[in-house]
Amino acid sequence: MSDRPAPGEHPDGVSTSQEVSFEELQLSQRNHGMQLEGLRYDVTPAGMHYLLIHFDVPEGDAATWSLSVDGLVAHRMRLSIDDLRSRPTVTMPVTLECAGNGRALLTPRPISQPWLTEAIGTAEWTGTPLRAILEEAGVEEGAVELVFRGVDHGIQGGVEQDYERSLTIEDAMRDEVILAYEVNGAPLPPQHGFPLRLVVPGWYGMTSVKWLTEITAVAEPFEGYQQLAYRFRQRPEEDGEPVTRMRPRSLMIPPGFPDFMTRKRFVDVGSIELSGRAWSGLGSIERVEVSTDGGATWAGATLGEPVSAYAWTPWTFVWDTSEPGEFELCPRATDAAGNTQPTEQPWNLHGFANNLVQRVPVEVRAPSGRP
Ligand SMILES: Nc1nc2c(c(=O)[nH]1)N[C@H]1C(S)=C(S)[C@@H](COP(=O)(O)O)O[C@H]1N2
Ligand SMILES: [Mo]
């Protein structure tokens, strides 16, 4: 039996309307984003980090939980949370972004979790390196991938499944890949994968399997639902290329104060320090530029130190306003591999990895004084 949707069958569809449906509202209640003012923190405070949960948050019991390592390995392993905690420990700030971030800004709009730009966060994950466990298990010659299985279960695109994703042996063996049991110094909360999750720095979030119970070494590339779903396609019948590492993105803390309904910003004439964060899974951040005229002209921002090798880089930019008026602010990041954010929206069927520049409408007012 294949997990793959039949050719031509597209589970989610697209909408030409800007209005989200009840079902999308339902998804966006369960899966919240990070308020962009949260960009002020190096490490996103607990509860502010975005969430993406495909099915239900499963009930995890740390006392009885176990992780099995099986399939094409010389020594099968079964590890309790205490076993994992007694192994070498690493703590790492990692910026995570959902591959669907920016989806609801596309036209036509792919119907799924309707993210704008806020499906991000940086958390300090604590756990143990995966590589040493794989070495102990002894991954056999014939294995090409490792399949990571979460206990959460549901139906997507008509396919009943546990949440599963794979990595090649090479990607899984990288130093920075960890099995995490703590975040920001406390045990994982249920919604972030309690009691155990995979964290794959640099990759879009779908790879970091939560509620992890099984790692299986397999002889063929994995073709489960979540593996085949995350591919760049223009049409449902295309195979497409896999979605992997995060493309560069920069976001700013929206300046001034907002209007409740529209979220439009208001600032007073004068010198305004803009700030934000930029990241990329394809290389370190080399440059951030800011446009105050909707992308017509750009000027360089000042970069700070990245929070870690796998976390975002802060930037600041002084905006001198002399006249009242309407402006559109855009930050744009470029990484060391030369990737830059597009100003036009590139489209794909599920709305993956759309790192188009953020646009922040701002009204600059004469200094009239607040009420
Ligand atoms: N088991 C399991 N793991 C999962 C998911 C899921 O639904 N089930 N969602 C994935 C997706 S799409 C993302 S973007 C990240 C979100 O991680 P967070 O909710 O901790 O921010 O978890 C990934 N891991
Ligand atoms: Mo995601």
In what order do MET34, MET48 fall by count of nearby beta-carbon atoms within 10 Å, going from fewest to most?
MET48, MET34
How long is the gain from ALA219 to PHE257 if the chain were fully straight, where each residue apart is worth 0.36 nm and the alpha carbon distance is subtracted?
8.2 nm
Please report Rg over Rh for region 90-175, where both radii come from the alpha carbon positions and Rh follows the Kirkwood definition.
1.05
Report the Cα centroid-to-centroid distance between region 124-170 and region 228-246 in angstrom, as an integer.
20 Å
Modelled label-to-label distance, GLN345 and VAL144, 7 Å Cα→beta-carbon offset: nm?
3.7 nm
Of the candidates TRP125, SER86, MET261, the farthest towards the positive dipole end of the chain (Lys/Arg Cβ +1, Asp/Glu Cβ -1, centred on the Cα centre) is MET261
Nearest 20 debye, what's the magnitude of the dipole of region 276-344 about its Cα centre given +1 on Lys and Arg Cβ and -1 on Asp and Glu Cβ?
320 debye
With +1 on each Lys and Arg Cβ and -1 on each Asp and Glu Cβ, and nothing else charged, work out how big the dipole of the chain is about its Cα centre, in Debye to the nearest 20.
740 debye
Within a Gaussian network of the chain (alpha carbon springs, distance under 10 Å), most fluctuating of PHE222, PHE22, PHE55
PHE22
So ASP56 and VAL269, fully extended at 0.36 nm per residue minus their Cα-Cα distance, gain in nm 71.9 nm
Dipole of region 124-235 [Lys/Arg +1, Asp/Glu -1 at C-beta], most positive-end residue of PHE194, GLY205, THR168
GLY205
Cβ density ranking, 10 Å radius, fewest first, applied to TRP211, TRP347 yields TRP347, TRP211
Which one of LEU329, PRO114, LEU356 is farthest out on the positive end of the charge dipole of the chain, using unit charges on Cβ (Lys, Arg +1; Asp, Glu -1) and the Cα centre as origin?
LEU329
Size of electric dipole in region 304-371: Cβ of Lys, Arg +1 and of Asp, Glu -1, about Cα centre, debye, nearest 20
160 debye
Counting other C-beta atoms within 10 Å, which of LYS264, LYS210 has the fewest, and how do the rest follow?
LYS264, LYS210
Say each of GLU160 and GLU135 gets a label point 7 Å from the Cα, pointing the same way as Cα to Cβ; how far apart are those two points in nm?
4.2 nm
Just to verify a number: FRET efficiency for GLU326 and GLU170, C-beta to C-beta distance, R0 = 56 Å, to 0.05?
0.65
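Readers should treat all values here as calculations from the given coordinates under stated rules, not as data from a laboratory. Remember, predicted model here, so these are calculated numbers, not experimental data. Using ideal geometry, Cβ is built from the backbone for each residue, glycine included, and neighbour counts are taken over all protein chains shown.
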